[in-house]
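Chemist: This is the structure I have questions about; it appears just below.
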Amino acid sequence: MNYFHALENGYRDIPYHNRIHATDVLHAVWYLTTQAVPGLPSLITDHCSASDSDSDSGITHSHMGYLVSKTYSVSEDGYGCLSGLIPALELMALYVAAAMHDYDHPGRTNAFLVATSAPQAVLYNDRSVLENHHAASAWNLFMSRPEYNFLVNLDHVEFKRFRFLVIEAILATDLKKHFDFLAEFNAKVKLMNQ
């Protein structure tokens with residue numbers, strides 16, 4: 001928790017890209033990964049939020065259809081959730097990226113920083129300037145004190161993968177790349193529906 005307290009304190013008190021925005025994004029990512037999605041394959045180990053749970057067993061009705069199988073399948077009612085399909089390390093990386101994604105935001109746009117030749121724009125060669133700054137600064141904070149290392153139990157390979165995933169997720173928040181990601185996503189959805 002030490003790291004996340006320091007991370008929160010590193011968000012500037014600016015109108016939008018502040019600690020409240022970071023909390024909103026983290027909550028939205030958690031919500032989107034834990035809610036039942038129609039037609040999504042699921043596992044018995046899913047932890048989807050559902051309003052219709054059996055209070056005695058703690059099992060949601062959406063899980064009843066695949067209690068006998070631990071393979072990916074679509075439940076009887078056709079609902080699954082992303083958190084049951086994403087490995088724990090990757091899910092944690094997604095949540096951490098959401099918390100880090102606008103760390104130390106100066107309240108200006110990439111275009112402004114590039115146009116004014118701001119030090120960050122020069123450092124990151126005018127490419128995803130803020131996103132690179134958020135990722136680098138948040139990781140510098142993480143590595144600045146031993147008590148911030150909440151990943152101490154990960155081995156070297158797991159840590160490298162975790163760090164890579166967090167950085168990639170933060171860099172993907174550059175709005176300049178949004179339509180490319182959207183087109184790629186829509187193409188994959190179309191391919192899956194064929």
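The values are calculated or read from the model by the stated rules, or taken from the named source; none is laboratory data. From a predicted model like this one, the values you see are computed outputs, not experimental measurements. Neighbour counts run over all protein chains shown; Cβ positions are idealised from the backbone, glycine included.
Chemist: Within the stretch 131-152, can you find the residues that are surrounded by fewer than 19 Cβ atoms within 10 Å (Cβ to Cβ) and of a type in the set (A, V, I, L, M)? Can you show your working first?
Modeler: Residues of the stretch 131-152 that are surrounded by fewer than 19 Cβ atoms within 10 Å (Cβ to Cβ), as a first pass: 136-137, 139-141, 143-152.
If the condition is that a residue be surrounded by fewer than 19 Cβ atoms within 10 Å (Cβ to Cβ) and of a type in the set (A, V, I, L, M), then A136, L141, M143, L151, V152 are the ones that fit.
Chemist: Now a separate question. Which one is surrounded by the most Cβ atoms within 10 Å (Cβ to Cβ), of the residues in the stretch 96-128 that are within 12 Å of T173 (Cβ to Cβ) and out of contact with any His (no Cβ under 8 Å at 6 or more places or on another chain)? Write out each step before concluding.
Modeler: In the first step, residues of the stretch 96-128 are kept if they are within 12 Å of T173 (Cβ to Cβ); the result is 97-98, 100-103, 105, 110, 128.
From what is left, the residues that are out of contact with any His (no Cβ under 8 Å at 6 or more places or on another chain) are 97-98, 110, 128.
Values: A97: 25, A98: 22, N110: 22, S128: 20.
The qualifying residue surrounded by the most Cβ atoms within 10 Å (Cβ to Cβ) is A97.
Chemist: If we scan the stretch 169-179, do we find a residue that is more than 18 Å from the chain's Cα centre (by Cα) and at pLDDT 95 or above? Walk me through how you get there before you give the answer.
Modeler: Going through the stretch 169-179, the residues more than 18 Å from the chain's Cα centre (by Cα) turn out to be 176, 179.
Within this subset, residues satisfying the condition of being at pLDDT 95 or above are 176, 179.
Looking through the stretch 169-179, at least one residue is more than 18 Å from the chain's Cα centre (by Cα) and at pLDDT 95 or above.
Chemist: Separate question: Contact list please: Cβ distance under 8 Å, first residue in the stretch 92-118 and closer than 12 Å to I14 by Cβ, second residue hydrophobic (A, V, I, L, M, F, W, C) and assigned to a loop (DSSP other than H, G, I, E, B), pairs at least six apart or on different chains.
Modeler: H105/I14; P106/I14; G107/I14; R108/A118
Chemist: Right, another one. What number goes with the only condition from (1) in contact (Cβ under 8 Å) with a residue 60 or more places away in the chain; (2) within 15 Å of A93 (Cβ to Cβ); (3) aromatic (F, W, Y) that Y148 does not pass?
Modeler: Of (1) in contact (Cβ under 8 Å) with a residue 60 or more places away in the chain; (2) within 15 Å of A93 (Cβ to Cβ); (3) aromatic (F, W, Y), only one is false for Y148: (2).
Chemist: Only residues that are polar (S, T, N, Q) and in contact with an Asp or Glu (Cβ under 9 Å, 6 or more places away or on another chain): list them for the stretch 163-194, please. If you could, list the steps in order and put the result at the bottom.
Modeler: Step one: of the stretch 163-194, the residues polar (S, T, N, Q) are 173, 186, 193-194.
T173 - this is the single residue of the stretch 163-194 that is polar (S, T, N, Q) and in contact with an Asp or Glu (Cβ under 9 Å, 6 or more places away or on another chain).
Chemist: Sort out which residues of the stretch 66-123 are touching a Gly at 6+ places or on another chain (Cβ under 6 Å) and at pLDDT 90 or above, and write them in order of number. So that I can check it myself, show each step before the final result.
Modeler: If we filter the stretch 66-123 for residues that are touching a Gly at 6+ places or on another chain (Cβ under 6 Å), which is where we start, we get 75-76, 78, 103-104.
Within the stretch 66-123, Y103, D104 meet the criteria.
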